[in-house]
Amino acid sequence: MPELHRLDKGVYGVTRLFHPAGDFGVNAGFLISQNKIIHVDASMTISDGEWLLSQSLEKAITKPSKLLLILTHHHSDHIFGIRVFKEAGAKIIAHEKTKSFLAFRTPPLFRRILDTYKPFILKRMVKSMDYSKKEAEKILGDVKLFLPDETFKEDREMDFGNGILHLIYTPGHVPTEISVYHSTSKTLFAGDTVYEGMPLTTRFGGPKQWKQWIKSLEKLQQLEIKNIVPGHGKICGKEEIQRNIEYLENLLREH
Ligand SMILES: [Zn+2]
């Protein structure tokens, strides 16, 4: 079951959303101001996407005029719930590399992922998580992917109604990766730039990307931080950034 954490007024982190590889789950979050709800990441399933959206709508006092979804990167565990937000009228924002990655080739990758990766996840759910095929299909749901409506290069600032949101380009885990920082509450939604209490998923790159990842983490270290919502693991403090840097430095020494 997902866990909802209220980190500050209108600022929520969500941990332990469904993930087919291990019980740590995947994380997401949302921020609420008077006229906006901004979600960070869409979870991996339609059922979790629906749950996330119902939570933010319930917490918003008045129905906000704008719904936005920011994607930290293009990986399935962070975007497969996207349909729920799109159908609710959300504008989807991501780094331009997320868009170019999903739109890559003809037919575009974001359509082909559904033909290849969705059956792979379903099979894994049946094999290693003991779901029946029917249950697995129900949980994952009718996944459909969409390209971001708006993209940016490098960093971007967004007026959120309750302070500024900083979308910070933090490549390393993958080249599409961003982190989302809300300076008013000192909350960092780090996506997979930060892992809490577990090994980092480094298989998408090599030494060059790991060095870039360290640079991204050092950039995040400059921020004043009260809470980090990592891509995976528990809500944590700034010290976890140092642990992630050391993990990558050790890895580089072995290569
Ligand atoms: Zn992830």
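The table that follows gives values for the structure above.
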{"quantity": "28 Å tail of the calculated P(r), the chain, as % of Cα pairs", "calculated": "28"}
{"quantity": "For residue 64, net neighbour charge (Lys/Arg +1, Asp/Glu -1) across residues whose Cβ lies under 13 Å away", "calculated": "+4"}
{"quantity": "Integer Hz, Karplus 6.51/-1.76/1.60 couplings in order for the stretch 33-38, x for Gly and Pro", "calculated": "10, 4, 10, 9, 10, 10"}
{"quantity": "Karplus 3J(HN,Hα) series, Hz, for the stretch 241-255 with 6.51 cos²θ - 1.76 cosθ + 1.60 (x for Gly, Pro)", "calculated": "4, 4, 4, 5, 4, 5, 4, 5, 5, 4, 4, 5, 5, 7, 10"}
{"quantity": "Inter-label distance, nm, simple model (7 Å from Cα along the C-beta direction), residue 130/residue 106", "calculated": "4.9"}
{"quantity": "The stretch 133-144 - phi-based ³J(HN,Hα) in whole Hz, Karplus 6.51/-1.76/1.60, Gly and Pro as x", "calculated": "4, 5, 4, 4, 5, 5, 5, 5, x, 7, 5, 9"}
{"quantity": "Distant-in-sequence amide H partners of residue 45 (H built 1.01 Å from N, under 5 Å)", "calculated": "81"}
{"quantity": "Additional length obtainable on full extension of the chain from residue 55 to residue 164, 0.36 nm per residue less Cα span", "calculated": "37.0 nm"}
{"quantity": "Partners for residue 63 among aspartates and glutamates (Cα-Cα distance below 15 Å; same-chain residues under 8 apart left out)", "calculated": "none"}
{"quantity": "Candidate aspartates and glutamates - alpha carbon under 17 Å from residue 59, same-chain residues fewer than 8 apart omitted", "calculated": "3, 8, 48, 50"}
{"quantity": "Nonlocal amide H pairs with residue 29, under 5 Å, H built at 1.01 Å", "calculated": "14, 40"}
{"quantity": "DSSP beta bridge pairing in the stretch 3-253, given as percent antiparallel to the nearest 5", "calculated": "65"}
{"quantity": "Distant-in-sequence amide H partners of residue 160 (H built 1.01 Å from N, under 5 Å)", "calculated": "165"}
{"quantity": "Pairwise label distance in nanometres, residue 253 with residue 66, each label 7 Å out on the Cα-Cβ vector", "calculated": "4.7"}
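Every number in this text was worked out from the coordinates using simple rules, so none of it is lab data. The structure presented is a predicted model; accordingly, all values stated were derived computationally and were not measured. Cβ coordinates were reconstructed from backbone atoms using ideal geometry, including for glycine residues, and neighbour counts include every protein chain displayed.
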